[in-house]
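One structure is given here, and the rest of the page talks about it.
The values are calculated or read from the model by the stated rules, or taken from the named source; none is laboratory data. Given the structure is predicted, the values throughout are model-derived calculations rather than measurements. All Cβ positions, glycine included, derive from the backbone under ideal geometry; neighbour counts span all protein chains shown.
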Amino acid sequence: MTNYDGEIGDFSANLQPKFMQFFDDVKTASANKTHTIIDARSAGRFNCEVPEPREGLRMGTIPNSVNLPFTDLLTMVF
């Protein structure tokens, strides 16, 4: 990834609960295939090829989800 040398913006993040989904919401959407569930973990973690870095978190994939690693989004923008 390269350093961003563009103009710095002024952005304030605000919590918007209407856009939040919780475990039961995701579980239902996965089972019913009503939404596209994007898993932003690395491909290695998504495919259970590398261990989870957080202790106590088991490996696995949300059924019917697709992988779009967060780091790929950063390199697309910058």
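Scanning the stretch 47-76 for residues that are without any contact (Cβ under 8 Å) to a residue 12 or more places away in the chain, closer than 25 Å to Ala31 by Cα and surrounded by 11 or more Cβ atoms within 10 Å (Cβ to Cβ) turns up just one, Glu52.
Quick grid of which residues meet (1) touching a Lys or Arg at 6+ places or on another chain (Cβ under 6 Å); (2) part of a loop (DSSP other than H, G, I, E, B); (3) not basic (Lys, Arg):
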| site | (1), (2), (3) |
| --- | --- |
| Gly9 | no, yes, yes |
| His35 | no, yes, yes |
| Ile38 | no, no, yes |
| Arg41 | no, yes, no |
| Gly44 | no, no, yes |
| Glu49 | no, yes, yes |
| Leu57 | no, yes, yes |
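For Ile62, indicate whether it is among the aliphatic types (A, V, I, L, M) and in a strand (DSSP E or B). Answer is no for this residue. Could you please give the count of residues in the stretch 33-46 that are closer than 18 Å to Phe23 by Cβ and free of Cβ contacts under 8 Å to residues at least 12 places away in the same chain? Total meeting the criteria: 2. Going through (1) modelled with pLDDT under 95; (2) surrounded by 10 or more Cβ atoms within 10 Å (Cβ to Cβ); (3) not aliphatic (A, V, I, L, M) one by one, Thr2 falls short only on (2).
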